[in-house]
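Below: one structure, written as structure tokens.
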Amino acid sequence: MIPAIQDALLAAGAALLQAGGLLAVAPLLKTVIKKMKARFQNRQGPPLLQGYYDLAKLLRKERVRSDVASWVYVAGPRVYFAAAVAATTLVPVLFPVAPLEAAGGILLLVGTLALGRFALATAALDTGSPFGGMGASRDMTIAALAEPALMLGLFASALAAGSMNLGELVRTLVQQGINRHPADILAFAGLFVIVIAETGRIPVDNPATHLELTMIHEAMVLEYAGPDLALVEWASAVKEVLYLTLLVDLFMPVGIAISAAPVAVLVAIVAWGAKVFVLAITVTVVESTNAKLRLFRVPELVSISLGLGFLALAIRFL
Amino acid sequence: MNGLVAVGVPLALVIRLTSIVATLMLVRHARACRWMAIGGSIVASVMTAVVAMHVIGSASAIDGTLFRHAASETELGYSVTPLSAWFLMVLALIAVPVALYSAGYFAHALARPRTAAVGAAFNAMVGGLEVVFVADSVIGFLCGWEVMTLATAALVATEHESRASRRAAYLFLVMSHVGTGCLIAGFMILASSAGSLSFPAILSGHLASGPMRDGVFALFFIGFGVKAGLIPLHIWLPAAHPAAPSSVSAFMSAVLITAGIYGLFKVCAFGLGTPDVNWALVFMAVGTLSALLGVLYALTQTDIKRLLAYSTIENSGIMSLGLGAAMLALAHGHSTLATVAVTASLMHMLNHAIFKGLLFLGAGGVVMATGTRHIEQFGGLMRRMPWTGLFFLVGALAISGLPLLNGFPSEWLTFQALLLGFTSTPGLVRLNFPLAAALLALTSALAAACFVRVFGISFLALPRHPAASAAQESPGLMLGPLGFLATLCVVLGVFPGVVLRGLEGVTASLPGLRPAGAMAWGRLGMSSTLTSFDHIAPALFGFALLGGFIVATALTTRRGLAVRQAPTWGCGGELTSRSEYTATAFSKPLLMIFGAVYRPTRQVDAVAEVSPYFVEEVRYRAEIEPTFERYLYGPLGRGVVRMARGMKVLQAGSLHTYLAYVLVLAVILLMWLGGTT
């Protein structure tokens, strides 16, 4: 009984640390991408801590609530935030162990993010503003299209490792070493497209616009202000870190800490940061060199990703 | 208790029969006959539940006799096997809340003179379904099947002054009887080689072989597929389910379709010997198609009950997909994998019954309060009907397969079956599994979009119609059952292991399956036979979500934070319900993206009298093409009518001609007999 309690406490502590750590890092990543994008456009860009300043400012402001809205409007951002935070405990970051891997694997992770999306889209419909409805409709559309491609990409990696549990999966990959299969390239490309779609980046969505013809995510949260908006922004940033970490876990788990020795942990932190940074650069390059796609061209992009995922499975197992 | 278990099934049927007779005798006293019908239904359902729980718990069947006529040596027996017990349990679990809800609903929403007929028909439908689940021979099965069908048709035609209801009932009867015809043919083929009508003899699995076996499979697949609402046999369902009174619709969508699923299990998957690989592929293809098209059609509906009916087709498809995966596993001899898939399918059946019952009952309350089924005329109901709104939201979350609610574990288990199937099936056939899994992912994401739309448009923001702004919350008698079902959604979502434990005995009783006890571990979670492959423990994860929610609440409700109520920005104008996003607009992007499936047509007419520049009225009509009705059933129906016309030549109406037919036939028969001897 005692070891069980010890394990439970250990898992809870790890979950708290990991969730806290990712919450702390997320605004930085968002600003880094913004800054790199600005450099692409020959601008200075915001200071590196701008993400934190923004959050601090929003958290201090008054809350504005539409007089049309019900409690669903209030609950939406909280559930969205809770889902993003809870999802961080399912993904291995520095160690080949996810703090709450006893709770579930890939499917639970995808389900949790879907829960957050459901909550936010529902809440967006609550103010009666046409923007909210437009955003919710578009967001759910793109999510629906991205879901099968996301699942196929994840299945391709999971079936190769023989586990749908992310902790188990990464442990298998670490054991196999850098001995990778060519099919991984296809699966990675497929998943990368989906990550772009899910995090609302160009060419699917433009995070920097407030033009009703083009915005998706921003339209959905247009009515939010103050602390509620801070929750949404923060959770979106966490989601982005989470997706990039997922790519890192599945395709390049090099450098992950196999023991709890300080050196190993330090190496793991640096390695994780470097890998996420490289992916962030890729995201920035894609975002800076592409134009946003028309909404009705997005299905083509996503179906490419679906095809890549299916090919990866076929090459690997036939 | 044991005595009750031994006589529970006949007793429940006798109570139902008595209650039907009493209801019809009390036809002049609306209140008395309402309570007679509902009381009888509840007592009988509870009795059924007791028997079912006993059989599930002990995993051994209970047999007995329903009716015996000594002189003609006729005997109708019953047998509650663990599989039937599972279906009976689901039936009772939904029938009781539906009956209670009806007590409130009939009083408010049903014309008084109809109470007796609807109450009696409801009891007959449930009783017929019980007989279907417990019958141990073809005769009893078909009797129950027919009683159930006819009672359902009567309920569909409750509002018989509307043409749509009459048409729905007619379509239902035609499709059902095509199905029943297939079943009778299939049973006759099997019975003639078995020399018996009892199920154990008929379904022993080695009576037919080769093309004959495939033919029998096809007959049963069509026969049961009609009842299960599988595409392309579904066309009656979206018309019939919405036409009945809402509480009855709930029972039909939640439980009645499982009559088809039961048949598919009992006969197609486990009654005809080891399934053929091709059968399994048919199941998986039809299941995936039904799931995907069902949800796509649901997405564009604006009639709330019709939408829910289409979503029933979707879920029926998911159950068949699970069963198809099980059959493919059985065909390759993987008993453990088959167990996972069967468990997924049966679990989804239970979960679907719960959340679909909840959603239909919730929709019934909304329809009663607003007097319309059109979701574009709802809006803002969350304020007027807070409890109905809350319970409907729980149902919407559950049906979208989101964690911590009961839709998630069964969809999770279906995914497990598909992925494990991929790893343990040889050859190219295995590629079907990830394909089906990807389409299942698409289906469940589309379902989420669909239910964001229904809930958001119906319950949130401003009322879109005076009827919606005058809506009243349903009475407590109707809210109670909603609360019960919503609670079940949460409990079974957080502790799915409970359901797995219950299903162990059921799967153990089916031929060829080998239940793995490790699937349900502790009270916390469930795994797919191998904990290392995947497992979930929603209760554990609930803590993480709760933690996140508490942090979020603390961040936004700190002391000293001001809250201001303000009107929503109306883009410069005044915000009215007319500027809100509509349900049609919400699903428009998906309508355009899946245009190849929907083939939408749109007609905009500007009506102008004086000059084309002064438009007085704009008429807008949009519809999606009813593909199956137009291209499959249209030609089929016309062919049947043409054949009937052709045969009219024979039936000229002249007695002399008929006598000539008799003479010619007699001569031919004599010649034939002469030739053989």
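The values are calculated or read from the model by the stated rules, or taken from the named source; none is laboratory data. None of these values were measured; they are calculated from a predicted model. Every residue, glycine as well, gets a Cβ built from its backbone with ideal geometry; the counts of neighbours run over all protein chains shown.
Quick look at the numbers
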quantity: Region A:84-97, residues that are more than 7 Å from chain B (Cβ to nearest Cβ) and assigned to a helix (DSSP H, G or I); calculated: A:Ala84, A:Ala87, A:Thr88
quantity: Criterion (touching a residue at least 12 places away in the same chain (Cβ under 8 Å), basic (Lys, Arg) and either under 30 Å from B:Thr576 (Cβ atoms) or crowded, with 24+ Cβ neighbours inside 10 Å (or both)) met by exactly one of B:Arg373, B:Arg383; calculated: B:Arg373
quantity: 3 or more residues touching a Leu at 6+ places or on another chain (Cβ under 6 Å), away from chain A (no Cβ under 14 Å) and over 22 Å from B:Val98 (Cβ atoms): qualifying helices (runs of 4 or more DSSP H) within region B:324-403; calculated: B:335-370
quantity: 3 or more residues among the aliphatic types (A, V, I, L, M) and modelled with pLDDT of 85 or more: qualifying helices (runs of 4 or more DSSP H) within region B:558-677; calculated: B:583-593, B:634-648, B:655-676
quantity: Test: A:Ala123 is modelled with pLDDT of 90 or more, in contact with a helix residue (DSSP H, G or I) (Cβ under 6 Å, 6 or more places away or on another chain), surrounded by 24 or more Cβ atoms within 10 Å (Cβ to Cβ) and more than 7 Å from every other protein chain (Cβ to nearest Cβ); calculated: yes
quantity: Tally of residues being more than 9 Å from every other protein chain (Cβ to nearest Cβ) and within 29 Å of B:Val498 (Cβ to Cβ) across region B:419-432; calculated: 3
quantity: 2 or more residues without any contact (Cβ under 8 Å) to a residue 12 or more places away in the chain: qualifying helices (runs of 4 or more DSSP H) within region B:175-279; calculated: B:210-228
quantity: From the options A:Gly167, A:Gly104, A:Gly135, A:Gly190, residue that is surrounded by fewer than 24 Cβ atoms within 10 Å (Cβ to Cβ) and of a type in the set (Gly, Ala, Ser); calculated: A:Gly167
quantity: Residue in region B:423-432 that is assigned by TED's automatic domain parsing to the domain that holds B:Val491 and either buried (at least 24 other Cβ atoms within 10 Å of the Cβ) or closer than 23 Å to B:Leu308 by Cβ (or both) present; calculated: no
quantity: Candidates B:Ala344, B:Ala329, filtered to the one that is under 20 Å from the mean Cα position of the chain (by Cα) and closer than 30 Å to B:Val277 by Cα; calculated: B:Ala344
quantity: Single unsatisfied condition, A:Ala69 versus (1) more than 26 Å from A:Leu154 (Cα to Cα); (2) in contact (Cβ under 8 Å) with a residue 24 or more places away in the chain; (3) part of a helix (DSSP H, G or I); (4) of a type in the set (Gly, Ala, Ser); calculated: (3)
quantity: Residues being within 7 Å of another protein chain (Cβ to nearest Cβ), surrounded by 13 or more Cβ atoms within 10 Å (Cβ to Cβ) and in contact with a Ser or Thr (Cβ under 7 Å, 6 or more places away or on another chain) - total across region B:554-580; calculated: 3
quantity: Given (1) touching a residue at least 60 places away in the same chain (Cβ under 8 Å); (2) surrounded by fewer than 17 Cβ atoms within 10 Å (Cβ to Cβ); (3) away from chain B (no Cβ under 14 Å), number of the condition A:Phe251 does not satisfy; calculated: (2)
quantity: Matching residues, region A:225-248, being more than 10 Å from chain B (Cβ to nearest Cβ) and either among the small types (Gly, Ala, Ser) or touching a strand residue (DSSP E or B) at 6+ places or on another chain (Cβ under 6 Å) (or both); calculated: A:Ser236, A:Ala237
